[in-house]
Amino acid sequence: MKSRSLSYLSRFSLIAQQITDDEALARFYGELAERWVDRDPTAGVGVSVGTDSDARISGCFDRVTSYFEFELDQHQAQLHLMADFSELADSARDEIWKGCGSWTEP
Amino acid sequence: MDRALDPDLLHAAVGVHEQLPDPDTLRQLLADTEVNLFLQQGDIDEALLDTAWYLQAVATARPDLQIYDLPRQRHAHQVSGHIFDLALQSTDDFSTTERLRLTLAAQVGYLGGDLTPNAAALARRAPLPDPPFDWSEPGQMSLEAGVLVLALDRAATYPLLDARRDQLADLESEIGDVTQTPYAAVDGVVRGARELINYLTYGSREALQEARQHLTRAVDTPTAASDVDSRWVAAHLLRLSDELQDTSAWSALPPDLPNLSRAMTLGDPPVLSLWPPQLSFLAGADGQPSPLDPRARRLMLSFPTSAGKTLLAQILILAHVASSDVGNVCVVAPTHSLCRELANSLNRRLRTLGRELHIEGPVWFEQTKPPSDRVTVMTPERLAGLLRSDPAALLHEYSMFVIDEAHLVAAPARGWRLEETLSLIHHLTVDTDHRILVLSAALGNQSHVIQWMTVDDEKPVKHHTNWRGPRRLNAVYTDKANFGEATDEPPRGNRRARRHVPMYGKIHLHTGDNTVAGEFIEPVGTLVLRHTKEDKWPRDKTESSTERERLVPLIAHVAQFGAVLVVQPTRVEAQRLAQEVADAFDDEDSVARNLTDLARSRLTEAHPLTQIAPKGVAFHHAALPVDIQAEIEDAVRAGHIRVLVATSTLIEGVNLPFKTVIVGRRGYTDSAGEQIESIDPAGLLNAVGRAGRAGRETEGWMILAEQSAAYNDHMFDPLQRTGNDLEIRSTVTAESALAGLSEFEDLARTTQDAIFRHYDAVADGFLSFVWFIAQALEDLERAVSIDEIVAVIERTLAWQQLDPHQRQGLVRAAATAYEAFEAQPRDQRERWSRSGASLPTARTLDTVAEQLLGRLGPDLTIDLEDLPAVVGFVLDDETLTMLLELEENTRRGFKPYRSAPRDNLIDVDLRALLLDWVAGVEIQELADQHLAAIPDDGYRSEALAEFSASVFEHHLPWTLGVVLQWVNTRLDATGSAHLLPEHLPAAIHYGVSTKTAIDLMRGGIRSRRLANAVAIHAASRTSDPESPLRDWLGSQTITDWRELFEASPTEVADLLSFARTPGAQVVSSVLEGSDHEVPIDMSDHSIDTAETAALEPQPGVPDPAPIQVVTPAGVIGTIRPADHDEVSQLLSIGVQLNIVVATSTTGPTITISLAP
């Protein structure tokens, strides 16, 4: 995540600026990378993890703070536990690739 | 210093941020990375990549939001493009998708930073798919399309996009409307990209509008939100569509000349977007009129190499051709090689207009009327010859003169000829609409040159730029002995002890205020010290590695990254180094086979070039035959040469691509012990310009090898010069020339014969020019007086550069020469001033002509069809000796070995050698028979090649041409029934024995062997013996040619060009939107008319392969040789074609038209 963050922000910033008519929002999108490299108080890291509800979860966000040099309150995390995570993953994939039987999945 | 390392630029682009390196650190990181990548010793630092992505966000922020100012955004583009580019060259193991992402990001950076051609160069290195284009992940497919579109590579883009469009249509038939699925973004990219290319190709505004709609949909379809790469590509293409519109030929060129725009976008290679300096010149920057305005009568373009000067010249030439019927264009280039290159590239655009180009042959008197094709390309000597023959006809025929590489007016040997010709044309057209365009990479903003081309108060329209696409890295290469690693060799017998010290090569890169250096890990040579009786350790010259040997590891290293040009001061050194480089390569490089074949047949098996060519190594210098030089240049262009070692001849304007240029020693010591500078500052600037070719590479390395001294920063000084720093001096301003004129003046006081003595060569040229001015004024029925002559001299560059005292000297010399002109009988002075020779030489040639007339007698008894016999008669021993002893001839015979003194000549029967040459005897046989006294095989071949290039191909045809014209004029006046064959000089020049062979050589066949072989078969043909040669050749097939004449691939290409139907309009007619019928040679298949077909090169056959007509039923026929060139060009343009099989009254045909 750390090595790709600016790449993603840069690409997302360009896309997002082009799909909004709200100038303030567009400006915000246009400043994403700037805020990131300046460790602006509005910048931060969020991590979301999804897994089986019976997985043994322990300290899964502990190391996030050591990768990104933000203040502690600039880190956010979410944990989603699902009864049958692999079934969800399969059905999501089927939905996305519906009708693509003739193609090899990427 | 390279612009990418400019601290101000880095500061302006990046600023200071907590998470990024500061500008100084960034510069150091960049410089270290450059050196490490050069030495193949490292990856890209992650902090650099982060900076690049940050900069891209800065650069692509919406301008209307004014988050960043525009200059900063441009700087950010440039720096980010550079860093992404470095990342792509690193050894990092990026995935295909990531590599494509970085490529597109780098392209965006370069385009936004006004470095347009680098976008195309990047695509050449990108991991792009080959047909049949397997389906892959949508984001990757979009990235591939985006990279190709930004490279403006139409020929590659259309097939890929069409395949993707079909695949998406198949998908749609299974899942319904893809625009409501995760494929919406890739679908929008594919359709949008195609319409964008359509717009750039055909200029249709509707296509541009559609492109924008598709791309907008791609960015903003919720179902494809997760396809970030496709949306990112679409967002970039959408953002860049305005810019591409502004820079396209359709916007930048005048709308009233649509044919001109079409010639650019549909010519070959296509120009879909113009580069910044081209746009600014065409827009008429700095308050000047547009150069396309016919009222701009004098134009000066001073562009460094790789800035798009040639294309601008093409635009001006084509605009002239397309917009007026008032006259034709004469293009002048300094060498036959460059003429050929210019002609080929121009021809491929002119054909889109249905126009023809002509390339003039060498400078003989046989043809005194200028050709009347719309565009003719010739050397300065040929232009001078035409001007001398008939100035009125020349000015009537041409209304525009384009002078390429105009800085050669300063060249010691040939500069004056160009200056006098240009000055006289300039003077004679002061009050007319004639236009003169002067082009150079090294003219700078010189007030003298501007003053020279000023007509009264009307200054030339000029444009000067230092812009170039590929960045250039200037480096100095040194080597140094490491005494810490020395090993001692004990004395043995008589041999004294030696100390072997390994030497290491070091590359220094200048970064403004400091230098970054990297060292080669392996030694590049050895310094050997010898222990003397006095207990000293001097250098052992014989056992230590030479400078040349120590250069070889550097050359072999850089050759891994792309073609290398190494410049050496002398021919001998060029050949030796090339040999040593070839020895360093283990592998043979089969792609250089054409060159090897030709060298073997043309120069003998033993010739050094034949020996090294299989390794992809060659040397190039003026003493090589012209066809071999051209073949080497072709091989470099085709990427078949890894290393070319050349003297300065090659760098005078042949546009050859090299990744790296290495300049070794820049001078040599002549036999008198004088230091001669073989690469002058202009030559060095030109060499520098060869490093990194626009559109092919994003960077070029210029390496100055300084092996004789320890490194210091001043070693970079010669590389810092620009065209502005070079002064172009007329050769007449040289001390030796002025002294020669002064000597003439002194002598003229005591003898009337002073005008017929030799002085300095430039002084001789000036005196002959004075005669010619007087003659030209007479021809044009203008008043002739010394004042009129001085008025012309005042139009020379020399006049602008001399002080008043020196000008007086020039005027006095001119007045004295004019007195001598007036004192000479009218017919003699007319002949001599037209000859183009110095006046003493002209007088000798007159004597030769008189003697020949005497020998001819009243009745010609020789068979005038038998060219070798006529040569034998005309050039008897005495005549040949007289011609060879003329001052202008630089080669009088053969030395026994390479280092023999100039006057140590072996006994060779030069006349017998000449007669065998004309009879078509193969070169190996000539060497064996006539030069057996030269013991070394290699040198024997080399000496023969050099002699024939200088004497047979140049001096004798020229002088004999003058003599023949005078003799024939006299024969004609006396009512003689027979004249000497006017193509006799051509037989000597080409070394062929028949008129048919001469016609072939003139028509572009470069191989003497092939011309003779075709001529023999043509003479013995039984079917239709009277049909013209071109038709006869055109009635055969490429396969026939290979079998009958044993034609090599290069020879087949020449024959195809020769056999092309004159005036064929396949390209222009199809591109204009017509259906064009092309006859085909049938194979055994029966044909179904109205069936669609494809045109494909015959598989398994070397290029140029026959073009086959393929239908679903199989191969039904091939394109005839007469149409091959045109059809081949049409295919290479990369537009989509409809090909339908048909029959006509004359047989089966195909109908070609543009696909809708």
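The values are calculated or read from the model by the stated rules, or taken from the named source; none is laboratory data. Since we're looking at a predicted model, the values are computed, not measured. Ideal geometry is used to build each Cβ from the backbone, glycine not excepted, and the neighbour counts take in all protein chains shown.
Structure values in brief
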read-out: Pairs, first without any contact (Cβ under 8 Å) to a residue 24 or more places away in the chain and more than 30 Å from residue B:19 (Cα to Cα) in region A:71-90, second surrounded by fewer than 12 Cβ atoms within 10 Å (Cβ to Cβ) and among the β-branched types (Val, Ile, Thr), C-beta under 7 Å, six or more apart; value: none
read-out: Meets criteria (at the interface with chain B (Cβ under 10 Å from one of its Cβ atoms) and either touching an Asp or Glu at 6+ places or on another chain (Cβ under 6 Å) or among the charged types (D, E, K, R) (or both)) for residue A:22; value: no
read-out: Pick from region B:713-749, criterion within 15 Å of residue B:474 (Cβ to Cβ) and of a type outside the set (A, V, I, L, M, F, W, C), ranking: nearest to the chain's Cα centre (by Cα); value: B:722
read-out: Residue match in region B:146-166 (condition: assigned to a loop (DSSP other than H, G, I, E, B), more than 14 Å from chain A (Cβ to nearest Cβ), closer than 23 Å to residue A:14 by Cα and touching a His at 6+ places or on another chain (Cβ under 6 Å)); value: no
read-out: Evaluation of residue B:1018 against (1) of a type in the set (Gly, Ala, Ser); (2) surrounded by fewer than 22 Cβ atoms within 10 Å (Cβ to Cβ); (3) on the phi < 0 side of the Ramachandran plot; (4) in contact (Cβ under 8 Å) with a residue 40 or more places away in the chain (one fails), failing number; value: (4)
read-out: Hits in region A:30-55 (condition: within 13 Å of chain B (Cβ to nearest Cβ) and closer than 30 Å to residue A:86 by Cα); value: A:45
read-out: Odd one out for residue B:94 among (1) within 23 Å of residue B:154 (Cβ to Cβ); (2) within 14 Å of another protein chain (Cβ to nearest Cβ); (3) surrounded by fewer than 20 Cβ atoms within 10 Å (Cβ to Cβ); value: (1)
read-out: In region B:795-815, the residues that are surrounded by fewer than 20 Cβ atoms within 10 Å (Cβ to Cβ) and within 19 Å of residue B:753 (Cβ to Cβ); value: B:812, B:815
read-out: Residue within region B:476-490 that is hydrophobic (A, V, I, L, M, F, W, C), modelled with pLDDT of 90 or more and assigned to a strand (DSSP E or B) present; value: yes
read-out: Among the candidates B:884, B:875, B:864, B:856, residue that is surrounded by 12 or more Cβ atoms within 10 Å (Cβ to Cβ) and farther than 19 Å from residue B:918 by Cβ; value: B:856
read-out: Subset of region B:35-65 (residues that are more than 10 Å from chain A (Cβ to nearest Cβ) and of a type in the set (Gly, Ala, Ser)); value: B:42, B:47
read-out: Unique residue being at the interface with another protein chain (Cβ under 9 Å from one of its Cβ atoms) and surrounded by fewer than 16 Cβ atoms within 10 Å (Cβ to Cβ) when the list is A:66, A:3, A:58; value: A:3
read-out: Every pair of residues 6+ apart whose Cβ atoms lie under 6 Å, when the first sits in region B:469-482 and is hydrophobic (A, V, I, L, M, F, W, C) while the second is not in a strand (DSSP E or B); value: B:473/B:2; B:476/B:706; B:476/B:715
read-out: Qualifying residue in region B:177-196 (condition: more than 13 Å from chain A (Cβ to nearest Cβ), crowded, with 22+ Cβ neighbours inside 10 Å and touching a Gly at 6+ places or on another chain (Cβ under 9 Å)); value: yes
read-out: Residue list for region B:985-1015, filter: among the aromatic types (Phe, Trp, Tyr) and surrounded by fewer than 21 Cβ atoms within 10 Å (Cβ to Cβ); value: none
read-out: Subset of region B:2-48 (residues that are surrounded by fewer than 18 Cβ atoms within 10 Å (Cβ to Cβ), assigned to a loop (DSSP other than H, G, I, E, B) and touching a residue at least 40 places away in the same chain (Cβ under 8 Å)); value: B:39, B:40, B:41, B:42, B:43
read-out: Index of the failed condition, residue B:501 passing every other in (1) touching a helix residue (DSSP H, G or I) at 6+ places or on another chain (Cβ under 7 Å); (2) of a type in the set (A, V, I, L, M, F, W, C); (3) within 29 Å of residue B:565 (Cα to Cα); value: (3)
read-out: Among (1) more than 30 Å from residue B:446 (Cα to Cα); (2) assigned to a helix (DSSP H, G or I); (3) out of contact with any His (no Cβ under 6 Å at 6 or more places or on another chain), the one test that residue B:840 misses; value: (3)
read-out: Strands (runs of 3 or more DSSP E) contained entirely in region B:504-590, each with at least 1 residues that are over 23 Å from residue B:679 (Cβ atoms) and of a type in the set (Val, Ile, Thr); value: B:515-519, B:525-530
read-out: Segments classed as helices (runs of 4 or more DSSP H), wholly inside region B:184-288, with at least 1 members that are more than 36 Å from the chain's Cα centre (by Cα); value: B:184-202, B:205-219, B:228-247
read-out: All positions within region B:1080-1130 that are touching a Gly at 6+ places or on another chain (Cβ under 6 Å) and at pLDDT 90 or above; value: B:1080, B:1109, B:1121, B:1122
read-out: Criterion (crowded, with 17+ Cβ neighbours inside 10 Å and at pLDDT 90 or above) met by exactly one of B:1033, B:1044; value: B:1033
read-out: Where residue B:300 falls short, out of the listed (1) buried (at least 20 other Cβ atoms within 10 Å of the Cβ); (2) at pLDDT 90 or above; (3) in a helix (DSSP H, G or I); value: (3)
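For every residue, the table says whether it meets (1) surrounded by fewer than 21 Cβ atoms within 10 Å (Cβ to Cβ); (2) free of Cβ contacts under 8 Å to residues at least 40 places away in the same chain.
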| residue | (1), (2) |
| --- | --- |
| B:515 | yes, no |
| B:525 | no, no |
| B:536 | yes, yes |
| B:574 | no, no |
| B:586 | yes, yes |
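Quick grid of which residues meet (1) modelled with pLDDT under 85; (2) not hydroxyl-bearing (Ser, Thr, Tyr):
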| site | (1), (2) |
| --- | --- |
| A:57 | yes, yes |
| A:63 | yes, yes |
| A:67 | yes, no |
| A:75 | no, yes |
| A:80 | no, yes |
| A:93 | yes, yes |
| A:104 | yes, no |
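Here is a yes/no grid of residues against (1) touching a residue at least 12 places away in the same chain (Cβ under 8 Å); (2) within 29 Å of residue B:279 (Cβ to Cβ); (3) in contact with a helix residue (DSSP H, G or I) (Cβ under 9 Å, 6 or more places away or on another chain):
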position	(1), (2), (3)
B:184	yes, no, yes
B:193	yes, yes, yes
B:201	yes, yes, yes
B:205	no, yes, yes
B:211	yes, yes, yes
B:225	no, no, yes
B:237	yes, yes, yes
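For every residue, the table says whether it meets (1) assigned to a loop (DSSP other than H, G, I, E, B); (2) out of contact with any helix residue (DSSP H, G or I) (no Cβ under 7 Å at 6 or more places or on another chain).
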| residue | (1), (2) |
| --- | --- |
| A:36 | no, no |
| A:47 | no, no |
| A:57 | yes, yes |
| A:61 | yes, yes |
| A:76 | no, yes |
